Amino acid sequence: MNSSNNEESRLPPYHAPIALDEDFFSDPHASYTTLRRKGGVHRAVTQDGAPLFLVTGYREVREAAVSPSLSLNKCHARSVGRDGSSMPPELDAHLLNTDPPAHTRLRRLVNSTFTPRRTEHLRTDIEEITDRLLDRISSRRRADVMTEFAMPLSMEVICRLLGIPQEKRIDFRAWTDTLLSPAAGSAPQSREAMRRMHRFLITLIEVKREEPGDDLLSALILAHDEEDRLTADELVAMAFLLLFGGYHNTASLIATSAMALLSNANHLSAFRSGDLTTHAVTEEALRWNPPAMLAARRFATRKIHIGDVPVVSGDRIWLSWAAANRDPERFERPETFDPHRENNTHLSFGHGLHYCPGASLARLENSIAVASLTNRFPALSLVDQPGDLRWVASPRSRSLNELRVDL
């Protein structure tokens with residue numbers, strides 16, 4: 001079928017197109033709650049005018065995430081245009097834009113280097129960086145957990161993982177913050193940040209080819225499966241993807257976890273006494289407010305049903321991890337942060353072939369950061385009430401602008 005299909009006829013009449021605009025993402029959980037009452041799949045349109053189907057039900061999201069009829073390759077799109085979730089075009093050759101067998105090849109090479117052992121070897125580094133950042137604020141009355149702790153911690157960890165030189169880490173943070181801003185897209189500053197990062201990564205890869213170090217980027221350069229290696233474009237895109245996800249998403253997770261604990265005296269007390277584990281806090285924070293609210297866009301390769309809604313070849317699909325994680329048909333009291341929750345099978349790191357390769361690192365960083373923060377400052381408390389906190393209104397991430405605390 002082609003674009004002349006009448007999409008209106010494929011959905012009940014109450015499903016008018018949902019505008020995925022700043023108002024929608026200023027309070028996305030409230031927006032998703034309203035949508036779920038109407039069903040698990042909805043016709044929507046982005047701020048840039050791209051039509052799509054937004055999937056919000058847990059069952060529908062989980063099934064669609066592993067559907068072989070939904071492709072990540074944009075060659076299957078019926079129409080072109082940015083949808084707010086795609087990487088810059090120069091950095092497209094990564095795992096979130098490919099299907100098997102290309103994805104299988106890339107994932108195999110990445111998995112051979114980004115191993116649990118490499119992640120565990122970062123534990124001492126994470127602890128050292130965490131202590132140093134907390135030392136900087138320890139003599140003060142107040143601090144901002146987001147900008148003074150979570151963001152610099154996650155940036156330094158991912159730069160150490162990739163082998164980014166110390167003198168370029170400030171640049172990397174500035175470039176990434178620009179690309180992740182709500183206004184990112186066609187803005188000149190966004191394009192310039194992308195060009196600078198792209199040029200730097202190309203140069204860095206050339207240097208590491210000649211003088212490899214004990215870092216993930218060097219390991220990716222050397223990785224091979226028989227005669228198969230990552231190409232130069234694949235290396236640059238992979239480095240960007242790891243940086244993109246490993247920096248801002250992990251920082252958001254740390255701030256959200258700290259905020260959730262500090263908002264509930266009973267949870268905080270149980271956490272400090274050891275009755276509540278860092279694993280439980282991390283998993284519930286991921287379910288309750290996942291840093292990445294949406295999966296990478298997918299495209300239908302043939303006519304199928306998602307839930308009870310038909311989509312046709314070329315249709316653009318967004319899967320909402322955030323909405324699925326608060327589906328009352330799957331989770332009891334889904335709006336409540338409950339780290340004692342059992343069987344917490346959230347979807348915040350994805351599901352199936354495209355499960356996040358950096359999940360173990362994010363979990364490790366969050367566990368160390370939140371435990372160190374709350375133990376270092378026994379009187380730690382929020383300056384602002386949870387309802388007064390400001391969140392970035394962006395489809396890319398669920399992120400606090402700031403998290404001010406009394407130390």
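Every number here is computed from the coordinates shown, using simple stated rules; none is lab data. Please read all numbers here as calculations on a predicted model, not as lab measurements. Quick reminder, even Gly has a Cβ in these numbers, built from the backbone with ideal geometry, and neighbours come from all protein chains shown.
Table for the structure above
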read-out	value
Leading residue by the ranking (surrounded by the fewest Cβ atoms within 10 Å (Cβ to Cβ)) among those in the range 379-407 that are aliphatic (A, V, I, L, M) and over 15 Å from the mean Cα position of the chain (by Cα)	Ala379
Candidate set from the range 200-221 (those that are without any contact (Cβ under 8 Å) to a residue 24 or more places away in the chain and in a helix (DSSP H, G or I)); member that is farthest from Cys159 (Cα to Cα)	Glu210
Residues that are under 15 Å from Met293 (Cβ atoms) and surrounded by fewer than 23 Cβ atoms within 10 Å (Cβ to Cβ), drawn from the range 17-27	Ile18, Asp21, Glu22, Phe24, Phe25, Ser26, Asp27
Among (1) in contact (Cβ under 8 Å) with a residue 40 or more places away in the chain; (2) aliphatic (A, V, I, L, M); (3) more than 17 Å from Val281 (Cβ to Cβ) - the single one Ala379 does not satisfy	(1)
Residue list for the range 100-120, filter: farther than 17 Å from Arg160 by Cα and among the hydroxyl-bearing types (Ser, Thr, Tyr)	Thr104, Ser112
Residues of the range 252-291 classified as farther than 20 Å from Leu400 by Cβ and either surrounded by 22 or more Cβ atoms within 10 Å (Cβ to Cβ) or touching a Cys at 6+ places or on another chain (Cβ under 7 Å) (or both), total	0
Looking only at the range 189-245, and only at residues there that are surrounded by 13 or more Cβ atoms within 10 Å (Cβ to Cβ) and among the acidic types (Asp, Glu), the one that is nearest to the chain's Cα centre (by Cα)	Glu234
